[in-house]
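Accompanying notes for the structure given below.
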Amino acid sequence: MEQLRMIRNDKKIPDAPDWSGLVCRTFTGSEQDIEAWLDIVQYGLTEKREDKAFFRECMYSHGELEYDKFFIVECGGVPAATLAVICDYEKKQGYIHMVGCKPEFRGLGIGNKLAIQAVITYMSAGMESAYLTTDDFRIPAIKSYLKAGFVPDIINEEHKQRWENVLKNMGGTP
């Protein structure tokens, strides 16, 4: 099933998130960071623990990967979550890619902070808008994206119905 899309065209730059108790750092490209990323995304973004070939295929297939726009969040020194912003400088549009968090770190507000960090990152790079894709069942992630100013992108009648169901299940209105 095709993923749902969300967009953000709001020009307001949010305040920087409070990373107290956490470290949000940029990806280094090291073997250690690739392994940390693979450890994180195996929980909800892939079916199993993938390999470095998957990393290369996934992270280099959407345009230039700029390490200063690719984040690893650590909690107590342990890699906990990740997010990448890929910028299309011709279209002036960001793409929020591979947002994931290990199960033991969910519910700590890391997703909210990462979504805000993504907005700050793409706007600081001169992008005028951004989009992301998500799945109907990723309700906590969708809530984080909504808080960061992303809105459903209704691209067809099927997506309209799916968004209505998602928002209804969240207690909102379409």
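No lab work stands behind these numbers, since they all come straight from the coordinates. Because the structure is predicted, anything quoted here is derived from the model rather than measured. Virtual Cβ from ideal backbone geometry, glycine too; neighbours counted across all protein chains shown.
Below are the figures for this structure:
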| item | result |
| --- | --- |
| Looking only at region 52-107, and only at residues there that are of a type in the set (Ser, Thr, Tyr) and under 17 Å from Glu128 (Cβ atoms), the one that is surrounded by the most Cβ atoms within 10 Å (Cβ to Cβ) | Tyr95 |
| Number of positions in region 92-112 that are within 19 Å of Ala36 (Cα to Cα) and either among the polar types (S, T, N, Q) or assigned to a helix (DSSP H, G or I) (or both) | 5 |
| Filter result for Ala36 (closer than 19 Å to Leu114 by Cβ, of a type outside the set (Phe, Trp, Tyr) and assigned to a helix (DSSP H, G or I)) | yes |
| Where a residue in region 106-123 is hydrophobic (A, V, I, L, M, F, W, C) and its partner, wherever it lies, is surrounded by fewer than 24 Cβ atoms within 10 Å (Cβ to Cβ) and part of a loop (DSSP other than H, G, I, E, B), with Cβ under 6 Å and at least six apart | Ile116/Pro14; Ile116/Pro17; Val119/Pro14; Met123/Ile13 |
| Selected residue (criterion: farthest from Thr121 (Cα to Cα)) from residues of region 43-65 that are within 15 Å of the chain's Cα centre (by Cα) and not hydroxyl-bearing (Ser, Thr, Tyr) | Gly44 |
| Residue list for region 102-144, filter: of a type in the set (Ser, Thr, Tyr), in contact with a strand residue (DSSP E or B) (Cβ under 6 Å, 6 or more places away or on another chain) and more than 25 Å from Gly76 (Cα to Cα) | Tyr122, Ser129, Tyr131, Thr133, Thr134 |
